[in-house]
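Below: one structure, written as structure tokens.
Computed from the coordinates by the stated procedures, all read-outs in this text should not be read as laboratory data. What you see is a predicted model, and the numbers here were worked out from it, not measured in a lab. Virtual Cβ from ideal backbone geometry, glycine too; neighbours counted across all protein chains shown.
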Amino acid sequence: MDIASELKYFALSQGLVAIGSAPVAAYSGAPRGHRPEEFLPGAKTVITFSYRMNQAAIKHLPQTRGQYMMEFNTVNQLLSQAGHKMTRLLEEKGYPSLAISPEAAIGDYPRLKADFSHKHSAVLCGLGQFGLNNLLLTPKYGPGVRLGSVFTTAEITLDTSPIDGNLCDNCGKCVDICPAGALNNYQESYSIQTGRPIDKEKCSHYKFAVHNGNRCGMCIKACLERFL
Ligand code: SF4
Ligand code: SF4
């Protein structure tokens, strides 16, 4: 079995719902300090993969905020384990590789920016498109997935199915539901390939000031209903 087939088989065995790849050169537009080869010299490929969150915990927000946090943290752990095992599989074949945490940069006030954007990578790897809520929308599960990535020195191509049309229909429900006003404005700079700026300060402040650091998730809930 070649490496690409082995990785797809591995992804299925871990319950991942999608996996794709892109050459490191595709990330040349990323800001300095956030490019794959700065973390793993000699990196040639980025692999990004997704795991679906169970839907009721999102659908019944805000009542289910505790259950949503459990879902969020459990899925992050599963993605971390999948990334760790994928890295081990690649290292044992002689390819230095590095798993990137699925945890977002919550509370990282100096930057409010993770080491690496799994969402931008997921678009480059063919897993989905940005919605107006600046989340990754996937064809089957909409915004109800979380993401992990692996950088590797192996050259790997993991094909994905093309996505027809725009997954975001510009309904504006995510903007309207945001209790912090973090999604206002910027709509004109939105694209399905690169997303849009959101007011991260407002979003983060809301999480800490109102929900003790627990995630809000209302922009996921508003959008997920379209995909159920
Ligand atoms: S998580 Fe909540 S506060 Fe943050 S952008 Fe989404 S709806 Fe707004
Ligand atoms: S809620 Fe509507 S506007 Fe917002 S991302 Fe989803 S489809 Fe797009």
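Annotations
- Residues being touching a Leu at 6+ places or on another chain (Cβ under 9 Å) and either closer than 23 Å to Phe208 by Cβ or assigned to a loop (DSSP other than H, G, I, E, B) (or both) - total across the stretch 68-83: 1
- Leading residue by the ranking (nearest to ligand 2 (Cβ to nearest atom)) among those in the stretch 169-208 that are farther than 23 Å from Arg226 by Cα and aromatic (Phe, Trp, Tyr): Tyr206
Rundown of residues vs (1) farther than 24 Å from Phe72 by Cβ; (2) in a loop (DSSP other than H, G, I, E, B); (3) under 17 Å from the mean Cα position of the chain (by Cα), yes/no style:
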| position | (1), (2), (3) |
| --- | --- |
| Leu137 | no, no, yes |
| Lys140 | no, yes, yes |
| Thr157 | yes, yes, no |
| Leu167 | no, yes, yes |
| Cys174 | no, no, no |
| Ile198 | no, yes, yes |
| Lys207 | no, no, no |
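- Residue in the stretch 154-174 that is polar (S, T, N, Q), within 16 Å of ligand 1 (Cβ to nearest atom) and closer than 22 Å to Tyr27 by Cα present: no
- Residues that are in a loop (DSSP other than H, G, I, E, B) and either polar (S, T, N, Q) or within 21 Å of Lys200 (Cβ to Cβ) (or both), drawn from the stretch 142-155: Pro143, Thr153
- When residues in the stretch 209-220 are screened for being away from ligand 2 (no atom under 16 Å from the Cβ) and touching a residue at least 24 places away in the same chain (Cβ under 8 Å), 5 of them pass.
- Summed over the stretch 120-135, the residues that are in contact with a Gly (Cβ under 7 Å, 6 or more places away or on another chain) and part of a helix (DSSP H, G or I) give a count of 1.
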